[in-house]
Amino acid sequence: MADHTTIEGPKSPSPIGTLKPEVPKKSRSTRTLAVANQKGGVGKTTTAINLATGLAACDQSVLLVDLDPQGNASTGLGVSADETDVYEALIGGGRFEDVIRASEIPGLDVAPASADLAGAEIELIEIPSRESCLRAAMAPVLGQYDYVMIDCPPALGLLTINALVAADSVLVPLQCEYFALEGMTRLMKSIERIRRSYNENLDIQGIVLTMHDSRNNLCRSVESDVRAHFAERVYRTVIPRNVRLSEAPSYGKPALVYDLACAGAQAYARLAAELLRREGVETSGAAAE
Ligand SMILES: Nc1ncnc2c1ncn2[C@@H]1O[C@H](COP(=O)(O)OP(=O)(O)OP(=O)(O)O)[C@@H](O)[C@H]1O
Ligand SMILES: [Mg+2]
């Protein structure tokens, strides 16, 4: 794992310190989660950043792999891809461990992305094992982490396929809007194809409703359809529409550090606890409520 510096917020030295529950450290094998939805702007990156931070606050060691050429997960955590990025390990023959950077959050490392990764979609086509390059590249570092989260680009191209082949399960952020269920059908078909051909154990970790507004009728009606259709796969925790969540990336900080008290940060802390409960990891304290 990369070295971590202490968080230096403007006033409070470690805002997530107050979140930190007494969680017994368990030695488990690494769980790799792909945060995927081919629809753009549904909250994949916001979920990847804040859930990864929430898991780190629950004493899990976490690697966030930015697999989107937009690089939003990297910049949103204040990590630059100036020196090297995921492209180097995926295509360029570099070692994955050389790509990994420490974030300001104790326990959270980042494998950053730059625009170079856009070329990977094309270059991967030429490689015989094009679907499993990420799995092979990440293999040497996996054992160092409790969780690896992969932030996928908004497409079902080769980068997302690489994430799904490398993952144990998929976490799907879903915005409660018209056509949300149609998009889910396509994603489910892709997951089924990957399961049949490359990764028979791939499952759905869960579906998280994002940018939720309970005063909005359409939002409530889509939520009840999604819950009726996907039942217990949908997390009980919903992420509200919250302006602090959208402000935080411009400061290079997760919302859990930028403003831990805001409704969005609190929802992601609850989501981290719910995810850990689903996985049978005991949690206690603030983040588990
Ligand atoms: N719960 C929320 N409340 C308010 N704004 C949000 C919320 N979640 C995400 N946003 C904002 O919505 C926009 C899209 O979010 P995000 O970048 O996380 O989506 P994405 O699915 O990763 O997008 P892309 O498909 O382009 O990768 C961003 O400006 C983000 O700050
Ligand atoms: Mg994104």
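The values are calculated or read from the model by the stated rules, or taken from the named source; none is laboratory data. Computed from a prediction, not measured in an experiment: that's the story for all the values here. When we count neighbours, we look across all protein chains shown, and the Cβ atoms used for this are built from the backbone with ideal geometry, even at glycine.
Scoring Asn72 on the criteria (1) near ligand 2 (Cβ under 9 Å from one of its atoms); (2) within 17 Å of Ala267 (Cβ to Cβ) leaves a single failure, condition (2). Take Asp82 and decide whether it is at negative phi and at pLDDT below 95. Considered against the rule, which asks whether it is at negative phi and at pLDDT below 95, Asp82 comes out as yes.
Identification of strands (runs of 3 or more DSSP E) wholly contained in the stretch 46-152 with 1 or more residues that are more than 12 Å from the chain's Cα centre (by Cα) yields 108-111.
Listed here are the residues, each with its yes/no results for (1) away from ligand 2 (no atom under 16 Å from the Cβ); (2) among the basic types (Lys, Arg); (3) surrounded by fewer than 15 Cβ atoms within 10 Å (Cβ to Cβ); (4) within 25 Å of Gly54 (Cα to Cα).
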{"residue": "Ala115", "(1), (2), (3), (4)": "no, no, yes, no"}
{"residue": "Pro128", "(1), (2), (3), (4)": "yes, no, yes, no"}
{"residue": "Ala139", "(1), (2), (3), (4)": "yes, no, yes, yes"}
{"residue": "Tyr147", "(1), (2), (3), (4)": "yes, no, no, yes"}
{"residue": "Leu158", "(1), (2), (3), (4)": "yes, no, no, no"}
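The set of residues in the stretch 239-267 that are part of a loop (DSSP other than H, G, I, E, B) and either surrounded by fewer than 24 Cβ atoms within 10 Å (Cβ to Cβ) or more than 16 Å from ligand 2 (Cβ to nearest atom) (or both) comprises Arg241, Asn242, Gly252, Lys253, Asp259, Leu260, Ala261, Cys262. Among the residues of the stretch 1-12, are any more than 16 Å from ligand 1 (Cβ to nearest atom), under 26 Å from Val170 (Cα atoms) and modelled with pLDDT under 95? Within the stretch 1-12, one or more residues are more than 16 Å from ligand 1 (Cβ to nearest atom), under 26 Å from Val170 (Cα atoms) and modelled with pLDDT under 95.
For the stretch 191-219, the set of residues classified as small (Gly, Ala, Ser) and in contact with a helix residue (DSSP H, G or I) (Cβ under 7 Å, 6 or more places away or on another chain) consists of Gly206, Ser214, listed by residue number.
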